[in-house]
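Each remark here refers to the structure printed beneath this line.
The values are calculated or read from the model by the stated rules, or taken from the named source; none is laboratory data. Keep in mind that what you see is a predicted model, and the values were worked out from it rather than measured. FYI the Cβ positions are ideal-geometry reconstructions off the backbone, even for glycines, and counts take in every protein chain you see. Keep in mind that these areas ignore ligands, DNA and RNA; they rest on the heavy atoms of the full protein, side chains included. Shrake-Rupley method; radii C 1.70, N 1.55, O 1.52, S 1.80 Å.
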Amino acid sequence: MKLWSVVAVIVLSSAAYLTMQFRAPGALSVDRPDQPPIQLVPEDDPAIEAATARARATIDTFLAALARTQNPPKQAQLKVRTEDEGVVEHVWPVDLRYQGGMIYGALGNEPLQLENWRLGDAAMVDPSEITDWLLIDENGLQGGYTLRASRDRMTLQERERFDADFATHF
């Protein structure tokens, strides 16, 4: 079981198989076949910092929903900052369960740069390491604060594509 840890550095680089486009000032989007796009932003981005602070301040809402046995959310995901051999990346674990103060799940996206992580790898997350969370239930989206901050910067066309891919109401 891998344990993610919080660090204070983000590394942006490209690979030959990736298509990168600037989507907003200070943001870079990476489009990959059969994977959701990745938004890369500067480490000190004020909107993302505020969104992360809001996610951390409201994590109890997420944990309570995750623990519900009656009417559980249709979807529950976390965004966690992890480091692998000096490379930092935010990843989204899925298939989550909360037990003994830790969250267990599986990596829900193929990492861009992490050499030792793959889609589906088992993971154990301390709630203090979370940088965002989202729930989807009959009321739509709850949380997803960094997604909302990124979405706010998109052009109308990009937002429509994002909304169609995400299949929920913002």
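Scanning the range 130-138 for any residue that is open to solvent by 40 Å² or more (accessible area, probe 1.4 Å) and of a type in the set (A, V, I, L, M) turns up nothing.
Take residue 60 and decide whether it is over 30 Å from residue 155 (Cβ atoms), out of contact with any Gly (no Cβ under 6 Å at 6 or more places or on another chain), at pLDDT 90 or above and acidic (Asp, Glu). Yes, satisfied.
Scanning the range 37-86 for residues that are open to solvent by 80 Å² or more (accessible area, probe 1.4 Å) and in a helix (DSSP H, G or I) gives 46, 49, 54, 56, 57, 60.
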